[in-house]
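Asker: I'd like to ask some things about the structure below.
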Amino acid sequence: MSEHSILVTGATGKSGRRVVSRLRAAGLSVRAASRNGEHVFDWTDRGTWDAALEGVRSVYIVQMDGTKLVRPFVERAVRHGVRRLVLASGRGIDDPDYAKDSGGVREGILDSEAAVRESGLEWTISRPGWFAQNFSEGFFADGIRAGELRLPAGDGAAGFVDAEDIAAVVVAALTDDRHAGRIYELSGPRAVTLAEAVATISEATGRDIRYVPLSVEEYVAELVRQGVPPADARAFADVVEPLGKGTDAYLSDGVQRALGRPPRTFAEFARSTAAAGGWPT
Ligand SMILES: NC(=O)c1ccc[n+]([C@@H]2O[C@H](COP(=O)([O-])OP(=O)(O)OC[C@H]3O[C@@H](n4cnc5c(N)ncnc54)[C@H](OP(=O)(O)O)[C@@H]3O)[C@@H](O)[C@H]2O)c1
């Protein structure tokens, strides 16, 4: 085994960080790569790609959304003798009606999935739905900390998946031959409405937090008043709005299929995040 046998890109992000910890806890050698992480890797600077891939056997690919850089990166990985790829994708990627795609995200990820499948290497694709960690580390976190989550998502529900489960599936795929050629769609065990999710976090933290549904127009206007460029505000609304339609409320069995156990509940996510100080006041 070389010094760094597994490359994890997006290593400071919600899934990558947990993948790195789990691999290291298992005693495996990891190159943790991102722009601001241990090993400097930038999707937009191809001069950083070779050093990231040097001596690596397996790669977790967290791509830069809205680009088609995974295809040339995979070609480079093949030249470096990489054997196995695990790609971070998303649920609904093969459904053109799943969400509006103002930034070319869907097109980019579809191209990445095709590149990985056509690579000739062993591959696994992880397709999670909405991460539970959006409430603690992602773009709902500010609202939760402020005590009021204001979103244009009505009373929609989603099968929020814990990033710990995503990481566990990715680690299994990186380290165990049985996952080659599989696509794992990942959700939590139950669809949870935004009001319910916020109430669960409120209970876990002992803090008063509420969910306020907004219209798309109200939401965009609020973001613009806070200084967000109108096009970006509209793009955020495009991402959130399908939640209100229940687009992500269906359940997927990927965690059970990959790991032989059920996914963690939203309440488990909320309690463990609160216990770890994930919502500082
Ligand atoms: N959040 C969700 O609910 C959700 C649901 C389904 C699918 N997804 C998909 O999951 C992926 C995101 O995964 P995530 O949530 O684990 O990541 P994340 O928390 O958004 O973190 C992104 C990671 O990418 C790195 N990064 C950003 N720009 C980079 C660049 N130019 N070059 C190299 N690294 C760069 C960041 O680190 P540095 O800043 O250090 O570079 C960070 O480690 C996206 O493709 C998203 O579409 C997300």
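Yes or no, residue by residue, for (1) over 18 Å from residue 190 (Cα atoms); (2) small (Gly, Ala, Ser); (3) in contact with a Pro (Cβ under 9 Å, 6 or more places away or on another chain):
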{"residue": "124", "(1), (2), (3)": "yes, no, no"}
{"residue": "132", "(1), (2), (3)": "no, yes, no"}
{"residue": "138", "(1), (2), (3)": "yes, yes, no"}
{"residue": "142", "(1), (2), (3)": "yes, no, no"}
{"residue": "152", "(1), (2), (3)": "yes, no, yes"}
{"residue": "157", "(1), (2), (3)": "no, yes, no"}
{"residue": "163", "(1), (2), (3)": "no, yes, yes"}
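Asker: In this structure, does residue 239 turn out to be at pLDDT below 95 and either within 18 Å of residue 144 (Cβ to Cβ) or among the hydroxyl-bearing types (Ser, Thr, Tyr) (or both)? Break it down into steps so the answer makes sense when it comes.
Answerer: Details: at pLDDT below 95: yes; either within 18 Å of residue 144 (Cβ to Cβ) or among the hydroxyl-bearing types (Ser, Thr, Tyr) (or both): yes.
Yes; evaluated as a whole, the condition is true for this residue.
Asker: Out of 107, 38, which single residue is within 24 Å of residue 167 (Cβ to Cβ), surrounded by fewer than 20 Cβ atoms within 10 Å (Cβ to Cβ) and out of contact with any helix residue (DSSP H, G or I) (no Cβ under 7 Å at 6 or more places or on another chain)? Even if it seems obvious, please write down each step before you answer.
Answerer: On the way: 107 fails: within 24 Å of residue 167 (Cβ to Cβ).
One residue alone meets the criteria, 38.
Asker: Could you list, in sequence order, the residues of the stretch 198-248 that are part of a loop (DSSP other than H, G, I, E, B), within 22 Å of residue 273 (Cβ to Cβ) and not charged (D, E, K, R)? First the steps, then the outcome.
Answerer: Let us first name the residues in the stretch 198-248 that are part of a loop (DSSP other than H, G, I, E, B), namely 206-209, 214-215, 226-229, 245-248.
Narrowing the set further to residues that are within 22 Å of residue 273 (Cβ to Cβ) leaves 206-209, 248.
Passing the criteria: 206, 209.
Asker: Still on this model: List the strands (runs of 3 or more DSSP E) that sit entirely inside the stretch 55-155 and contain at least 1 residues that are more than 25 Å from residue 249 (Cα to Cα) and in contact (Cβ under 8 Å) with a residue 12 or more places away in the chain. Show your work before the answer.
Answerer: Working: elements: 58-61, 84-88, 122-128, 148-151.
Here the list reads 58-61, 84-88, 122-128.
Asker: Output the number of the condition that residue 38 fails; it satisfies all remaining conditions of (1) without any contact (Cβ under 8 Å) to a residue 60 or more places away in the chain; (2) within 13 Å of the ligand (Cβ to nearest atom); (3) touching a Phe, Trp or Tyr at 6+ places or on another chain (Cβ under 9 Å).
Answerer: It fails just one condition, (3).
Asker: Can you list residue pairs whose Cβ atoms sit under 6 Å apart, with the first residue in the stretch 163-181 being in contact (Cβ under 8 Å) with a residue 60 or more places away in the chain and the second being of a type in the set (Asp, Glu)? Count only pairs 6 or more apart in sequence or on different chains.
Answerer: The qualifying pairs are 180/122.
Asker: Anything in the stretch 183-197 that is assigned to a loop (DSSP other than H, G, I, E, B) and within 18 Å of the chain's Cα centre (by Cα)? List them, or say none. I'd like the intermediate steps shown before the answer.
Answerer: Step one: of the stretch 183-197, the residues assigned to a loop (DSSP other than H, G, I, E, B) are 187-191.
187, 188, 189, 191 - these are the residues of the stretch 183-197 that are assigned to a loop (DSSP other than H, G, I, E, B) and within 18 Å of the chain's Cα centre (by Cα).
The values are calculated or read from the model by the stated rules, or taken from the named source; none is laboratory data. Since we're looking at a predicted model, the values are computed, not measured. Glycine also receives a Cβ, built like all others from the backbone with ideal geometry; neighbour counts cover every protein chain displayed.
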